[in-house]
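Asker: The structure is given below, and queries will be raised subsequently.
The values are calculated or read from the model by the stated rules, or taken from the named source; none is laboratory data. Just so it is clear, the model here is predicted, and its values are computed rather than measured. Don't worry about glycine lacking a Cβ; one is built from the backbone with ideal geometry, like all the others, and counts go over all protein chains shown.
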Amino acid sequence: MRRGKIEIMVDILNVVKKSQVTKTAIVYNANLNFNRADQYINMMMDVGLVEKTLNKYSITDLGSEYLYKINDMDSIFSAEF
């Protein structure tokens, strides 16, 4: 089954929350190709979830909050079913 947009964003946020990482690290750890990673990283930077410093990416406070809320909702829904 294919991952949805939110699942891909969560995968990227989980990669960048650990430390500042390169785009290559995001590609490998989030299981994306470079074109798809570019699309998502740019979109996530535009909305303030991820920031770029030199050639490395990291999670923002807003990104951390988003990730927390998504994980919280996921735990609520998995408990229901």
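Asker: Looking at region 16-25 only, could you name the residues that are at pLDDT 95 or above and more than 12 Å from Gly63 (Cα to Cα)?
Answerer: Matches in region 16-25: Gln20, Val21, Thr22, Lys23, Thr24, Ala25.
Asker: Within region 70-79, restricting attention to residues that are at pLDDT 85 or above and under 18 Å from Val15 (Cβ atoms), which residue is surrounded by the fewest Cβ atoms within 10 Å (Cβ to Cβ)?
Answerer: Out of the qualifying residues, it is Asn71.
Asker: Output the residue which, of all residues in region 1-26 that are assigned to a loop (DSSP other than H, G, I, E, B) and either within 16 Å of Gly48 (Cα to Cα) or among the small types (Gly, Ala, Ser) (or both), is nearest to the chain's Cα centre (by Cα).
Answerer: Applying the filter and picking the extreme gives Lys17.
Asker: Moving on. Can you find a residue that is outside any helix (DSSP H, G or I) and touching a strand residue (DSSP E or B) at 6+ places or on another chain (Cβ under 9 Å) anywhere in region 31-50?
Answerer: Yes, because at least one residue in region 31-50 is outside any helix (DSSP H, G or I) and touching a strand residue (DSSP E or B) at 6+ places or on another chain (Cβ under 9 Å).
Asker: Next question, about the same structure. Out of the residues in region 51-69 that are in a helix (DSSP H, G or I) and hydrophobic (A, V, I, L, M, F, W, C), which is surrounded by the most Cβ atoms within 10 Å (Cβ to Cβ)?
Answerer: Only one residue tops the list, namely Leu67.
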